[in-house]
Amino acid sequence: MAEWSTAAVDVADNSGDEPLTAQADQSTADGVAKNRERDTDSDEAQGGGGIEHPGRTSPPELHSGHKLARRYRLEECVTRLDGFSSWRAVDEKLRRAVGVHILPADHARARSVLAAARSSALLGDPRFVQVLDAVEENDLVYVVHEWLPDATELTTLLASGPLEPHDAYQMVSQLASAMAAAHREGLAHLRLNPSAVLRTSTGQWRIRGLAVNAALRGITSETPQRTDTEAIGALLYAALTQRWPYENDAHGLSGLPKDVGLIAPDQVRAGVHRGLSELAMRALANDGATASRHEAACTTPEELVKAIGEMPRIRPPEPAFTAPPEYQRTTYQQGSYGRPAPHPGATQPVPAPPPPLQSRTGRALKWAVSALLIAALGLGSWQLADALMNGDKSDDTNKTQTTDDGDKSSSSPKPVTTLKIQGAAEYYPDGKAQHADDVQLTYDNDSSTYWRSYSFRSGPVLAPFKQGVGIVYDLGSERSLSAASIGLHYGGNYTAATLYAADSLSSSAPLSSMKKIADGRTSGKELQISAKTAVKTRYVLVWITAAPHSGSDEYSGDGYKQAITDVKFTG
């Protein structure tokens, strides 16, 4: 058995994936550019009977529940096409959802698929869906990749209408810069279409199937940079107009009218941003298409990135806000009711305060208050004297005495108990783990070992790119928890964390199902979190929502990141 695997890189933006979906492969060795008008089958075919091509190797007989490498349990077939199949699966070792492409080891494309998967994994760019494993085993070749349940295909987004200008700008900016980075490493996609582009719940754009999707379908191109650049232009065109920029319908979108040719997006739909319309035409300036003005065509992702950088930045729309009606003060509220309004510019005298109350009523009130005070003082003195005399008459043998020791025992707090941690699991409800195999290092009584997060580009608050990172701990049984001491590897800026009472060690249980215990914040390397009242729970989540900025080290690049060295719970 030959096996090769790689972990996700250590600079992340909360990237993820959904399963590769099916499309009939009608392309030729000349690349996507020459068969784009014939690429009309939907990429959303779900499971079941795909297209079987005569003379090609049949896919192996697999079923739900089948396990690969005693680790990846197949759940649902989402594509069965052209000798390979794609599945939604569960990585039982890391307890997370993954996607798996499977084809026979003797398939004509098996070698190229393995090579493409390994090259894609080595890129390690979080803007691409990461390849997690590439294995040849038991006459099978399979590629395991990330799966992001909350991501949405561009195909689905466009079903409800074109994107807003800011969203379209963000999409083309992120796609172009990602593909420019890939081409600098010698990697091409060659199958960029609305089903290969995902938007996560945090608004970030991700590309899936880098090199692998084309290898699965045998697609090549003599001009890969032009092919991918034109594909980005087509995606921007579709995002602006909700139309596919060629005559044939494709990807759930209507094509352009026959015999009209390629017309600019702002001529297809009213209100399209002029700068983005020009940009789409410049990227589509392949195979005879021309830009709508005199700007040079963009034939590589790098040129497209440069063109985007020269555009004025498109800002998000201002949130709608309706101001409340202005509060009008009346003359009555101003204390001048019944007085003539002052003349503008005139200096008004400051009214003098009224003299003290000197009437008969005022004098009587003073005497009444004095009498009440004298009576209260006399009553208190009488009660005190009575208590002292009764105390002297009482029998000493019947007295109840409270010693200092008794006072101390009754008022002293309960002894603090350290709660033993029986187990732990990384918590990642978005489907993207950090370093799930290292969670035990946070309670091994060794401060030199730690669990760490990836390095993020924005911070200290990780949202919206990442809602948080954390670990859920098992205390063995339901215990009364009142505080936590968390040792941290990185200091500076600030770290913010919250404790939650969880129901299980699940890595994907919704945060809304948990009870908040307490939260805390620190700029140092130790975070103390204390609850106002103790909470009974067996499972407790340490959820980090903000991390300090730190420089590069042996494990990761510079960015916002945090690592936990030791965790202690007390009750």
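Does G524 meet the test of being at positive phi and over 23 Å from the mean Cα position of the chain (by Cα)? Before the answer, list the steps.
On the way: at positive phi: no; over 23 Å from the mean Cα position of the chain (by Cα): yes.
For G524, the condition - at positive phi and over 23 Å from the mean Cα position of the chain (by Cα) - is not met.
To keep it simple, each residue is scored yes or no on (1) in contact with a His (Cβ under 9 Å, 6 or more places away or on another chain); (2) within 24 Å of D249 (Cα to Cα); (3) among the polar types (S, T, N, Q); (4) surrounded by fewer than 20 Cβ atoms within 10 Å (Cβ to Cβ).
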| site | (1), (2), (3), (4) |
| --- | --- |
| E164 | no, yes, no, yes |
| L192 | no, yes, no, no |
| S195 | yes, yes, yes, no |
| T200 | no, no, yes, no |
| T229 | no, yes, yes, no |
| G233 | no, yes, no, no |
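Name the residues in segment 297-340 that are among the aliphatic types (A, V, I, L, M) and at pLDDT 85 or above, would you?
Within segment 297-340, A297, L304, V305, A307, I308, M311, I314 qualify.
Quick check on this structure: which one of L103, L122 is out of contact with any helix residue (DSSP H, G or I) (no Cβ under 8 Å at 6 or more places or on another chain), of a type in the set (A, V, I, L, M) and either touching a residue at least 12 places away in the same chain (Cβ under 8 Å) or surrounded by fewer than 22 Cβ atoms within 10 Å (Cβ to Cβ) (or both)? Reasoning before the result, please.
On the way: L103 fails: out of contact with any helix residue (DSSP H, G or I) (no Cβ under 8 Å at 6 or more places or on another chain).
Going through L103, L122 in turn, just one is out of contact with any helix residue (DSSP H, G or I) (no Cβ under 8 Å at 6 or more places or on another chain), of a type in the set (A, V, I, L, M) and either touching a residue at least 12 places away in the same chain (Cβ under 8 Å) or surrounded by fewer than 22 Cβ atoms within 10 Å (Cβ to Cβ) (or both): L122.
Pairs under 7 Å by beta carbon, first residue modelled with pLDDT under 95 and in a loop (DSSP other than H, G, I, E, B) in segment 541-562, partner open to solvent by 40 Å² or more (accessible area, probe 1.4 Å) and small (G, A, S), six or more apart or different chains?
D558/G551; D558/S552
Which condition number does Y237 fail, the rest of (1) modelled with pLDDT of 95 or more; (2) closer than 17 Å to T156 by Cβ being met?
(2) is the only condition that Y237 fails.
Exactly one condition in (1) under 14 Å from the mean Cα position of the chain (by Cα); (2) at pLDDT below 90; (3) outside any loop (DSSP other than H, G, I, E, B) is false for D437; which is it?
Unmet condition: (1).
Looking only at segment 496-511, which residues are among the polar types (S, T, N, Q) and either at pLDDT 95 or above or in contact with a His (Cβ under 9 Å, 6 or more places away or on another chain) (or both)?
Scanning segment 496-511 gives a single hit, T498.
Could you tell me whether segment 458-472 includes any residue that is crowded, with 16+ Cβ neighbours inside 10 Å, outside any strand (DSSP E or B) and among the aliphatic types (A, V, I, L, M)?
Yes - at least one qualifying residue is present in segment 458-472.
Please pick out the residue among A168, A181, A214 that is more than 19 Å from L148 (Cβ to Cβ), buried (at least 23 other Cβ atoms within 10 Å of the Cβ) and out of contact with any helix residue (DSSP H, G or I) (no Cβ under 6 Å at 6 or more places or on another chain).
A214
Pairs, please: C-beta under 8 Å, at least 6 apart or cross-chain, first residue farther than 22 Å from S477 by Cβ and in segment 510-537, second small (G, A, S) and open to solvent by 80 Å² or more (accessible area, probe 1.4 Å)?
So the pair list comes out as G520/S530.
Does K258 qualify as being in a loop (DSSP other than H, G, I, E, B) and open to solvent by 60 Å² or more (accessible area, probe 1.4 Å)? If you could, list the steps in order and put the result at the bottom.
On the way: in a loop (DSSP other than H, G, I, E, B): yes; open to solvent by 60 Å² or more (accessible area, probe 1.4 Å): yes.
It is true that K258 is in a loop (DSSP other than H, G, I, E, B) and open to solvent by 60 Å² or more (accessible area, probe 1.4 Å).
Within segment 138-162, take every residue that is polar (S, T, N, Q) and open to solvent by 30 Å² or more (accessible area, probe 1.4 Å) and give me the one that is farthest from R313 (Cα to Cα).
Filtering segment 138-162 for residues that are polar (S, T, N, Q) and open to solvent by 30 Å² or more (accessible area, probe 1.4 Å), the one farthest from R313 (Cα to Cα) comes out as N138.
What number of residues within segment 519-552 satisfy the criterion of being farther than 18 Å from T565 by Cα and either surrounded by 13 or more Cβ atoms within 10 Å (Cβ to Cβ) or in contact with a helix residue (DSSP H, G or I) (Cβ under 7 Å, 6 or more places away or on another chain) (or both)?
The total comes to 8.
Residue by residue through segment 60-82, note down the ones that are modelled with pLDDT under 90 and either in contact with a helix residue (DSSP H, G or I) (Cβ under 7 Å, 6 or more places away or on another chain) or on the phi > 0 side of the Ramachandran plot (or both).
Within segment 60-82, D82 is the sole residue that qualifies.
Across segment 489-505, which residue is surrounded by the fewest Cβ atoms within 10 Å (Cβ to Cβ) among those that are in contact (Cβ under 8 Å) with a residue 40 or more places away in the chain and in a loop (DSSP other than H, G, I, E, B)?
G492
Condition check: crowded, with 22+ Cβ neighbours inside 10 Å, out of contact with any Gly (no Cβ under 6 Å at 6 or more places or on another chain) and of a type outside the set (G, A, S). Does Q440 satisfy that?
It is false that Q440 is crowded, with 22+ Cβ neighbours inside 10 Å, out of contact with any Gly (no Cβ under 6 Å at 6 or more places or on another chain) and of a type outside the set (G, A, S).
Consider A181 carefully, then state whether it is within 21 Å of I102 (Cβ to Cβ) and under 27 Å from the mean Cα position of the chain (by Cα).
It is false that A181 is within 21 Å of I102 (Cβ to Cβ) and under 27 Å from the mean Cα position of the chain (by Cα).
Just checking: which of the helices (runs of 4 or more DSSP H) contained wholly in segment 140-217 hold 2 or more residues that are modelled with pLDDT of 95 or more and under 11 Å from F128 (Cα atoms)?
Correct list: 165-184.
Condition first: in a loop (DSSP other than H, G, I, E, B), among the aromatic types (F, W, Y) and within 28 Å of R199 (Cβ to Cβ). Now tell me which residues in segment 447-457 satisfy that.
Of everything in segment 447-457, just one residue is in a loop (DSSP other than H, G, I, E, B), among the aromatic types (F, W, Y) and within 28 Å of R199 (Cβ to Cβ), namely Y454.
For R479, are the conditions met, namely being in a strand (DSSP E or B) and either more than 17 Å from L419 (Cβ to Cβ) or under 21 Å from the mean Cα position of the chain (by Cα) (or both)?
no
Take the residues in segment 473-484 that are of a type in the set (S, T, Y) and open to solvent by 30 Å² or more (accessible area, probe 1.4 Å); name whichever of them is nearest to K536 (Cα to Cα).
Result: S480.
If you scan segment 75-104, which residues turn out to be hydrophobic (A, V, I, L, M, F, W, C) and within 21 Å of A436 (Cα to Cα)?
Just the residues of segment 75-104 that are hydrophobic (A, V, I, L, M, F, W, C), to begin with: 77-78, 81, 84, 87, 89-90, 94, 97-98, 100, 102-103.
Passing the criteria: A89, V90, L94, A97, V98, V100.
The values are calculated or read from the model by the stated rules, or taken from the named source; none is laboratory data. Nothing here was measured: the structure is a model prediction, and the numbers come from that model. Note that we place each Cβ from the backbone using ideal geometry, even for glycine, and neighbour counts take in every protein chain shown. Accessible surface is based on the protein model in full, side chains and every heavy atom, while ligands, DNA and RNA are left aside. Shrake-Rupley method; radii C 1.70, N 1.55, O 1.52, S 1.80 Å.
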